[in-house]
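Step one of this worksheet: look at the structure below.
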Amino acid sequence: MRPKEITVDNKSQVKALSLLSGGLDSRLAVLVLQKQSIHVEGVVFNSPFFDISSAKEAAEQLKVKLHIVDFTEDIISLIKAPRHGFGGGMNPCIDCHARMIHRAGELMEELGFDFIATGEVMGQRPMSQNRNALAIVERDSELGGKVVRPLSAKLLPPTQPELDSKLDREQLLDLSGRNRKPQLALAREFGLDRWPSPAGGCLLTEKRYTQRLRDLAEHEGLDDIFAIRLLKLGRHFRLPDGARLVVGRDARNNLQLKKLRREGDLLLHTVNVPGPTVLIPGRPSSADLDLAVELCAAYGDHDRSYEVTVRVVSSDGSSDRTVTAKDKSDFACFML
């Protein structure tokens, strides 16, 4: 089912650019504005740390145009030096929200829109959506009162669009806290029948991912976007002399790693038994390569102590090595 149709007068309407993550709150924010005959278009920020597929689906459901902004350089710069610190992982949420709104503001000016909207609900996330955090984001985004939070607007000071009578404050909402019942009731009222389950959506909040990212920052740094994108694939290991290994978890992972190998990287795979593809960015020391061959063999489909042949593929050719397979647990100490 599609949301209920909203009659809009395109000739004289106010225009809003709404941050659209694809979650329920961001969808509701759009619908609350459309109820006032506001012309709304969505904006989503693309980076290696966020999946924008829900935003694309939401834009289709709501019948709004979606602007996709590359946010990679922005978020990496914030991870390197977050002015307001990290959350539970490597998520600089306050700085990130402020930068997103600032970038949306630039697009707002370029397109001739009147204000920016977000789906934030005061108090829903204790660290990044409390009253103080929202005020910091407002200040740092440098948009001069043009940031509207339709779901919690009545709990916040009037924004410039409200003061200019471009928005009717009485038709905005006063939602707060983590109780989702008001949003669910509102979704039924608008005729929404699908949305993703509540989740952070950002890899920077996930413990295993941020462990890998911290390791990358300490060894290779965060300037190689390829290396950052690789963190989402497979199992990751850091060997004693510094080599980093990515071990495919399944056939799909194995194929992805083969396609991602760059000039100068090594690719390992088992020959005489089913097993993983292993990608080693760069050239490892001979000791790390020996260990990588053993690790590749250990993750093959066989009994322990089986003789496994591992093929090492480089830009110069390939060679085979046969080793006695060890148990995977022998390499657990190297896993990130």
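If you wrap the tightest convex hull around every Cα atom of the stretch 35-141 and split its volume per residue, you get 121 Å³. Within straight-line reach of K259, meaning a Cα separation under 18 Å, sit the following lysines at least 8 residues removed in sequence or on another chain: K232. Phi angles across the stretch 68-83 convert, under the Karplus curve 6.51 cos²θ - 1.76 cosθ + 1.60 with θ = phi - 60°, into 3J(HN,Hα) values of 9, 10, 6, 10, 4, 5, 4, 5, 5, 5, 6, 5, 5, 8, x, 4 Hz, Gly and Pro given as x.
The charge dipole of the chain, taken about its Cα centre with unit charges on the Cβ of Lys, Arg, Asp and Glu (plus for the first two, minus for the last two), comes to roughly 880 debye. For E263 and R311, the FRET efficiency from 1/(1 + (r/R0)^6), where r spans their Cβ atoms and R0 equals 25 Å, is about 0.85.
Spin-label model, A81/Q160: points 7 Å from Cα along the beta carbon direction are separated by 2.8 nm. Using a 7 Å offset from Cα along Cα-Cβ at A251, what residues in the stretch 262-296 end up with backbone N under 15 Å from the label point? Flagged as within label range: 274-277. The mean of 1/r over all pairs of different alpha-carbon atoms in the chain, once inverted, gives a Kirkwood hydrodynamic radius of 22.5 Å. Taking every alpha-carbon pair under 8 Å whose residues sit at least 6 apart, the chain reaches a relative contact order of 14 percent. Each peptide among 18-30, 107-119, 78-90, 142-154 gets the average number of other Cβ atoms lying within 10 Å of its residues, and from highest to lowest they stand as 18-30, 142-154, 107-119, 78-90. Which aspartates and glutamates have a Cα lying under 13 Å from the Cα of K56, excluding residues fewer than 8 positions away in the same chain? The reachable aspartates and glutamates, counting only those whose Cα sits under 13 Å from K56, are E41. Relative to the longest principal axis of the Cα atoms of the chain, the long axis of helix 131-141 lies at roughly 80 degrees. Candidates L28, P48, H97 compared by Cα position along the dipole of the chain: farthest toward the positive end lies L28, with charges placed on Cβ. Proximity of backbone amide H atoms, modeled 1.01 Å from N, is registered between V121 and no other residue at under 5 Å, excluding neighbours fewer than 5 places apart on the same chain. Using the Stokes-Einstein relation with a Kirkwood hydrodynamic radius computed over Cα pairs, the translational diffusion coefficient of the stretch 253-336 at 10 °C and a viscosity of 1.306 mPa s comes to 123 µm²/s. Mind pulling the angle between the C-alpha long axis of helix 53-62 and the longest principal axis of the chain? Nearest 10 degrees, somewhere in 0 to 90. Taking Cα atoms only, the helix is inclined about 30 degrees. The Cα atoms of the stretch 80-211 give a gyration tensor whose axes a ≥ b ≥ c have a/c of 1.5 or more with a/b no greater than b/c, which makes the shape oblate. Under a Gaussian network description of the chain, with springs only between Cα atoms under 10 Å, the residue in A297, A135, A251 that fluctuates furthest is A251. Using only Cα atoms, find the angle between the long axis of helix 207-219 and the longest principal axis of the chain, and express it within 0 to 90 degrees, rounded to the nearest 10. On a 0 to 90 degree scale, this one is about 70.
Its Cα centre serving as origin, the stretch 171-302 has a Cβ charge dipole (Lys and Arg +1, Asp and Glu -1) of approximately 580 debye. Measuring nothing but protein heavy atoms, the accessible surface of the chain at 1.4 Å probe radius is 48 percent carbon and sulfur. In this structure the chain gives 48 Å² per residue of accessible area when probed at 1.4 Å with all protein chains present.
May I ask you to order 179-188, 236-245 by the average number of other C-beta atoms within 10 Å around their residues, highest value first?
Working: 179-188: 14.4, 236-245: 18.8.
Result, highest mean first: 236-245, 179-188.
The stretch 280-311 and the stretch 203-228 have Cα centres separated by 24 Å.
Under the 0.36 nm per residue contour assumption, what length would be gained going from the current alpha-carbon distance of E57 and K207 to full extension?
Working: separation 150, 0.36 × 150 = 54.00 nm, distance 2.72 nm.
That pair, E57 and K207, stretches by 51.3 nm at full extension.
Here K63 is the anchor, and the lysines within straight C-alpha reach of less than 29 Å, apart from those fewer than 8 places off in the same chain, are K4, K11, K15, K35, K146, K154, K166, K181.
Sequentially through the stretch 256-262, phi angles give Karplus couplings (6.51, -1.76, 1.60; θ = phi - 60°) of 4, 5, 4, 5, 8, 4, 9 Hz, Gly and Pro residues having no value and appearing as x.
The values are calculated or read from the model by the stated rules, or taken from the named source; none is laboratory data. Given the structure is predicted, the values throughout are model-derived calculations rather than measurements. Positions of Cβ are generated from backbone atoms using ideal geometry, with glycine treated the same way; all protein chains shown enter the neighbour counts. Surface accessibility is based on the protein's heavy atoms, side chains included, excluding ligands, DNA and RNA. Shrake-Rupley method; radii C 1.70, N 1.55, O 1.52, S 1.80 Å.
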